[in-house]
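See below for the structure under consideration.
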Amino acid sequence: MGREALLIENLRKSYGNLTAVDGISFKVEKGEIFGLLGPNGAGKTTTIKSIIGLLRPDSGEVRLLGRRMPDKNVLGKVGYMPQELALYLNLTVEENLKFYSGMYGISGELFEKRKKEILEFVGLERFKKRLVGELSGGLQRRASLACALLHEPEFVILDEPTVGVDPHLRASFWGHFRELSEGGVTILLTTHYMDEAINCDRVAIMSEGRIVTVSAPQQLIEETHSKNLEEAVLKLTGYTEGRK
Ligand SMILES: Nc1ncnc2c1ncn2[C@@H]1O[C@H](COP(=O)(O)OP(=O)(O)O)[C@@H](O)[C@H]1O
Ligand SMILES: [Mg+2]
């Protein structure tokens, strides 16, 4: 096992009476592609927002890149693509990148260089002058990914990055993820698509605010005697035939 990139211990977060995250613990290794899987409402987004300090957990500890969160100094090394589109629809792709560069403190020649690299990386070079609001959903997701990766983060958090994205683009996204991971970048992502979750190095299965298990996808399939990951996850989250 490699070195730790993220450690979560006993994380708990409620909204009023609803316990969205119920005391979870897991660890992500450096350079790993780690998937957080589970049905809608399982608590994935709440977990992610608690990791980067967008939500304040009720209790528990988060250590990201060796620092106890929340810690502003770590955020410069983290790229975050939220579940909802967080781009200005009435600005162009380029202008959105410019906006994010200000937040990350990248300017001048460095910005121009990174902008060019990242637009090529996600294949948006020829769309850079287009208003984000006029792009297709798939292209908007690409623009969103570009903004999350602009500052060459060490740790990337992607909340359902491929929702509504066609299979061709999903495959290309996964090519990017693998390339980043091979370069030493750690990726934590959530997804509903089991055919892509199989590409994760390890996955955590979440259900009703708890982590059911953490394992390599192939191992989950074998351990649950399932024919694929989808069946394994259904079994592990209790949604099997004859039960709720
Ligand atoms: N701001 C909020 N206020 C109240 N309840 C919320 C809020 N955000 C999420 N929830 C609830 O918390 C639970 C977990 O949600 P979420 O973390 O978004 O799950 P997931 O990302 O796995 O779909 C759900 O029951 C959801 O309805
Ligand atoms: Mg979510």
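A few notes on this one:
- Signed unit charges on C-beta, dipole axis of the chain, positive-most listed residue HIS176, ASN228, THR45: THR45
- Report summary: the helix-based calculation at 222 nm, which adds -39500 (n - 2.57) for every DSSP H run with n ≥ 4 and divides by the residues of the chain, gives -10500 deg cm²/dmol.
- Rg(Cα) / (2.2 N^0.38 Å) computed for segment 130-180, rounded to two decimals: 1.13
- Loop chymotrypsin sites (Phe, Trp or Tyr not before Pro), segment 18-105 (other Cβ atoms within 10 Å of the site Cβ: 16 or fewer; DSSP): TYR88
- Extended-chain gain in nm, criterion 0.36 nm per residue less alpha-carbon gap, ALA86 and LYS227: 47.0 nm
- Neighbour-limited loop hits for trypsin sites (Lys or Arg not before Pro), segment 1-64 (at most 10 other Cβ within 10 Å; DSSP other than H, G, I, E, B): ARG3
- Each Lys or Arg adds one and each Asp or Glu subtracts one; over the other residues with Cβ under 11 Å from the Cβ of GLY23, this totals 0.
- Formal net charge of residues neighbouring GLY43 (Cβ-Cβ distance under 11 Å; K, R +1; D, E -1): +3
- The magnitude of the dipole of the chain, with charges of +1 and -1 set on the Cβ of Lys/Arg and Asp/Glu and taken from the Cα centre, is near 540 debye.
- For ALA232, neighbours were defined as the other residues whose beta-carbon sits under 11 Å from its Cβ, and their charges (Lys and Arg +1, Asp and Glu -1) total -2.
- Of all lysines in the structure, the ones whose alpha carbon falls short of 25 Å from that of LYS129, not counting any fewer than 8 places away in one chain, are LYS98, LYS113, LYS115, LYS116.
- Cα-based convex hull, segment 10-126, per residue volume (Å³, whole number): 152
- Largest first and in whole Å, the equivalent-ellipsoid semi-axes of segment 145-244 read 27, 14, 13, each the square root of five times a Cα gyration tensor eigenvalue.
- Sequence-distant lysines (8 or more away, or on other chains) whose Cα lies within less than 16 Å of LYS44: LYS13, LYS27
- For segment 125-244, the Cβ-based charge dipole about the Cα centre amounts to some 380 debye (Lys, Arg positive; Asp, Glu negative; other atoms uncharged).
- Relative to the globular-protein estimate of 2.2 N^0.38 Å, the Cα radius of gyration of the chain stands at 1.02.
- Separation of segment 207-223 from segment 10-84 is 18 Å, based on Cα centroids.
All of the numbers you see were taken from the coordinates with simple rules; none came from a lab. Everything numeric here is computed off the predicted structure, so don't read it as measured data. Every residue, glycine among them, receives a Cβ derived from its backbone with ideal geometry; neighbour counts consider all protein chains shown.
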